[in-house]
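Report on the structure given below.
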Amino acid sequence: MKRLNKKWIQPLRWIVQTCFMAGLFVAFVHPQTVARWPLWTLLFVGVFFCGWVCPFGTVQDWLGWCAVKCRLPRFKVPRHIQKYLQFSRYLFLGLMFWGITFSFSNAPFYFQNNLMHHMLSWASGLTLTFFLIAGLFCDRPFCNYFCLKGAADGLVSMFRLISIHRDNNACIHCHLCDKVCPMNVSVEKTGFVRHPNCINCMKCVGVCPKNCLKYRLMRIHLNKKYVKFPKAL
Ligand code: SF4
Ligand code: SF4
Ligand code: SF4
């Protein structure tokens, strides 16, 4: 199978992320407007906001990139821990629905507010600092385990129409897709990526040596046996 050149995906993603970040600095982009990312996009293609727009996600990506360049040790949470730990942000979301709120758990928007209006409470400041330092040693720790918006959007995105499909016949089970995924999704084990953690960063698509990860319309394949849902969900 001819391998398509997908090297443009990550540079394009970085350009989009940088544009939104620059927009925040010069106040072209209003945090509340960015926060109101349209719901229909979640139902259509899943969570693009987190992978391509969110400034706090962008900062975590940049820190990860710097850490790799500086050869800092990087860790991935082992699968047997991840399968439980991935629910932490839903725990915070559930507590919020029960009326227990954490001012510091909305760090992305405190972050944006801080950039624009220099407002940052000590609690959100401490949380941001902790997760920014943690971001030097593992991929997107805040997004993976703490973010309420990411958790809520991820749940809605499970009903998306279009998602990444893995061609099981072409797959050589090299696990490269699992290794590059910043959100610890087990791409190699699934037919369609429907996991609520997926942020559509397309790193898995770009790295696949057999070009067997492609965006497809879910309903075409819904009746086929290789459609699997994440085991932990
Ligand atoms: S999970 Fe939260 S912090 Fe991470 S990119 Fe999404 S909205 Fe931003
Ligand atoms: S990178 Fe491609 S070939 Fe390798 S396990 Fe993932 S889907 Fe299969
Ligand atoms: S599954 Fe692929 S697109 Fe989704 S977060 Fe992981 S690497 Fe990015």
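The values are calculated or read from the model by the stated rules, or taken from the named source; none is laboratory data. Note that the coordinates shown come from a computational prediction; the quantities given were computed from them, not determined experimentally. Here Cβ is always computed from backbone atoms with ideal geometry, including for glycine, and neighbour counts include all displayed protein chains. Each accessible area value is taken on the protein alone, full model and side chains, heavy atoms only, with ligands, DNA and RNA left out. Shrake-Rupley method; radii C 1.70, N 1.55, O 1.52, S 1.80 Å.
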Condition met for Ile81 (part of a helix (DSSP H, G or I), aliphatic (A, V, I, L, M), at pLDDT 80 or above and farther than 24 Å from Asp178 by Cβ)
no
Output the residues belonging to region 48-59 that are more than 13 Å from ligand 3 (Cβ to nearest atom) and part of a helix (DSSP H, G or I).
Pro55, Phe56, Thr58, Val59
Flag if Thr58 is modelled with pLDDT of 90 or more and more than 15 Å from the chain's Cα centre (by Cα):
no
Between a first residue in region 63-75 that is in contact (Cβ under 8 Å) with a residue 40 or more places away in the chain and a second residue that is open to solvent by 60 Å² or more (accessible area, probe 1.4 Å), which pairs have beta carbons less than 6 Å apart while being 6 or more apart in sequence or on different chains?
Phe75/Phe137
Taking the options Leu95, Leu115, name whichever one is at pLDDT below 55 and either buried (at least 16 other Cβ atoms within 10 Å of the Cβ) or part of a helix (DSSP H, G or I) (or both).
Leu115
